[in-house]
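The values are calculated or read from the model by the stated rules, or taken from the named source; none is laboratory data. Model, not experiment: these values are computed from the prediction. Cβ placement follows ideal geometry from the backbone for every residue including glycine, while neighbour counts extend to all protein chains displayed. Heads up: the accessible areas ignore ligands, DNA and RNA and are worked out on the full protein's heavy atoms, side chains in. Shrake-Rupley method; radii C 1.70, N 1.55, O 1.52, S 1.80 Å.
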Amino acid sequence: MRSFLSLNNISPVVDTVLKDKYTMSADAANPVGIMLRSFKMHDYVLPESVLCIGRAGAGVNNIPIEKYAQQGVVVFNAPGANSNAVKELVLTAMLLSGRKIIPAINWVNGLKDGEKTVSEQVEKGKSAFIGNEIMGKTLAVYGLGAIGMKVANMAIQLGMKVKGYDPYLSDELAKHLDENVERVFTTDDLIKDIDFITLHVPLTDETKEFINAKRLESMKDGLNVINCARGELVSNKDIIEACKSGKVNRYVTDFSTSELLNQENVICLPHLGASTPEAEDNCAVMAGNQMIEFIENGNIINSVNYPNVKLEKQGACRLVVLFAEGAKDSIENKIKSMKKVIDYKLAARKGFGAVVANISDKPCCNCLDDLKAIDGCIKVYLPE
Ligand code: 3PG
């Protein structure tokens, strides 16, 4: 039986995918795959037996995906599998920003019957906690992937005005965006005249500290900033300052650090975005299925370091070749020349490529050696 190693707690629902063919444990020896959530893999020593990694979630900044691609290890994530959970947390964050729910709860819990009863004190004191509704307010959504899209559409349903910005949004995906969401094409247009901004982009050099003092300066006074994506998208120093000055009404972050705790108008959450049983189950099943599909059939679906390649199975066996993008033509020519190849799918993008082929019979050792000898060939693998 083949084994998976888990570097975080993974929903036991994953057993429905592993069936009786795979085991999963935190101390598996010679695992074919690794499943994890936010475990930081940058200094992790990868067992040589590992063919693929499944991130049971969306963000992959905890995984050295480029290094693993160079080693021929395919990394998958589970896009969309936790998007509803995160969307609901964003809604919570927007409501907590507008209404003074948290201080109100803290205040009411400290009351005692005395000269006046608790209910009398409540009626007298509640005016200190008046807050704003979100209906009619303008929300900016930065990033219209699985989560941002759901947030934007939900906000329309809640009666908000919504602007969305995503330079990488395909026309195909854009069709799922509520027609009332105004698509803007510059960050300047996105942040203009808004009451709320919510971030839904991955952490990259381009997006790091997107919210900073300079950008905040050109935004409306009293706006609310919601960050359920990654902490580093916001400059902590600048947002703390802006929350103190009143430039920002509330900063709600799911990425707490010591400097953010107990700061005026900052609401810290303990990375709860995907922490619902529903999301945990969905992520485990999606990541597990994708890993097994690769291990057994060589199909690559939702990889973050190799292109997707999917081919219906026929013939006696399958062949997978992972390669550096520069070797694309040499690999393709070799595959075409192999007599036992029935058909194949090949794709390359962002530095790496993959081919999956149907083979009429087990390929000869010479053919495999010839493939491996091509400059830029990273891995030759026969899935079963
Ligand atoms: C994600 O990237 O999917 C979310 O941040 C959730 O992360 P988690 O799986 O570690 O809770």
Only one of HIS200, HIS271 that is surrounded by 21 or more Cβ atoms within 10 Å (Cβ to Cβ), touching a Phe, Trp or Tyr at 6+ places or on another chain (Cβ under 9 Å), touching a residue at least 12 places away in the same chain (Cβ under 8 Å) and not hydrophobic (A, V, I, L, M, F, W, C): HIS200
Mind listing whichever residues of segment 55-67 are of a type outside the set (A, V, I, L, M, F, W, C) and touching a Cys at 6+ places or on another chain (Cβ under 9 Å)? ARG55, GLY57
So in segment 207-227, with the set limited to residues that are within 16 Å of the ligand (Cβ to nearest atom) and under 21 Å from ILE102 (Cα atoms), which one is surrounded by the fewest Cβ atoms within 10 Å (Cβ to Cβ)? ASN227
Between a residue in segment 241-256 that is of a type in the set (Phe, Trp, Tyr) and any residue that is within 15 Å of the ligand (Cβ to nearest atom), which pairs come within a Cβ distance under 7 Å, given they are 6 or more apart or on different chains? PHE255/ASN227; PHE255/ARG230; PHE255/GLY231; PHE255/HIS271
Could you tell me which of the residues GLY80, GLY114, GLY125, GLY59 is away from the ligand (no atom under 16 Å from the Cβ) and part of a loop (DSSP other than H, G, I, E, B)? GLY114
Criterion: of a type in the set (Val, Ile, Thr), touching a His at 6+ places or on another chain (Cβ under 9 Å), under 20 Å from SER97 (Cβ atoms) and in contact (Cβ under 8 Å) with a residue 60 or more places away in the chain - qualifying residue of VAL141, VAL151: VAL151
How many residues, within segment 29-53, are over 15 Å from TYR381 (Cβ atoms) and part of a loop (DSSP other than H, G, I, E, B)? 14
Scanning segment 263-315 for residues that are among the hydrophobic types (A, V, I, L, M, F, W, C) and within 12 Å of the ligand (Cβ to nearest atom) gives LEU269, LEU272, ALA274, ALA279, CYS283, ALA284, MET286, ALA287, VAL304
Give me a count of the residues in segment 62-74 that are surrounded by 23 or more Cβ atoms within 10 Å (Cβ to Cβ) and either within 13 Å of the ligand (Cβ to nearest atom) or assigned to a loop (DSSP other than H, G, I, E, B) (or both). 2
Could you give me the residue pairs with C-beta distances under 7 Å whose first residue belongs to segment 39-64 and is closer than 15 Å to ILE292 by Cβ, whose second residue is of a type outside the set (Asp, Glu) and open to solvent by 40 Å² or more (accessible area, probe 1.4 Å) wherever it lies, and which are 6+ apart or on separate chains? ALA56/ARG37
Please go through segment 247-295 and pick out each residue that is among the polar types (S, T, N, Q) and assigned to a strand (DSSP E or B). ASN249, THR253
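Results for (1) within 13 Å of the ligand (Cβ to nearest atom); (2) open to solvent by 20 Å² or more (accessible area, probe 1.4 Å); (3) out of contact with any strand residue (DSSP E or B) (no Cβ under 6 Å at 6 or more places or on another chain), shown as yes or no for each residue.
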| position | (1), (2), (3) |
| --- | --- |
| ASN8 | yes, yes, no |
| PRO12 | no, yes, yes |
| LYS19 | no, yes, yes |
| ALA26 | no, yes, no |
| HIS42 | no, yes, yes |
| PHE76 | yes, no, no |
| VAL86 | yes, no, yes |
| THR92 | no, yes, yes |
Among residues of segment 250-262, those that are more than 16 Å from the ligand (Cβ to nearest atom) and either small (Gly, Ala, Ser) or open to solvent by less than 50 Å² (accessible area, probe 1.4 Å) (or both), counted: 4
Residues located in segment 228-249, provided they are in contact with a helix residue (DSSP H, G or I) (Cβ under 6 Å, 6 or more places away or on another chain) and either within 16 Å of the ligand (Cβ to nearest atom) or at pLDDT below 95 (or both): CYS228
Kindly provide the set of residues from segment 315-340 that are outside any helix (DSSP H, G or I) and open to solvent by less than 30 Å² (accessible area, probe 1.4 Å), ordered by number. CYS317, ARG318, LEU319, VAL320, VAL321, LEU322, PHE323, MET338
Report, by residue number, each residue of segment 44-56 that is more than 13 Å from the ligand (Cβ to nearest atom) and crowded, with 22+ Cβ neighbours inside 10 Å. CYS52, ILE53
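The rows are residues; the columns are (1) in contact with a helix residue (DSSP H, G or I) (Cβ under 7 Å, 6 or more places away or on another chain); (2) assigned to a helix (DSSP H, G or I); (3) not acidic (Asp, Glu).
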| residue | (1), (2), (3) |
| --- | --- |
| ASN132 | yes, no, yes |
| LEU144 | yes, no, yes |
| MET154 | yes, yes, yes |
| PRO167 | no, no, yes |
| THR198 | yes, no, yes |
| GLU206 | no, no, no |
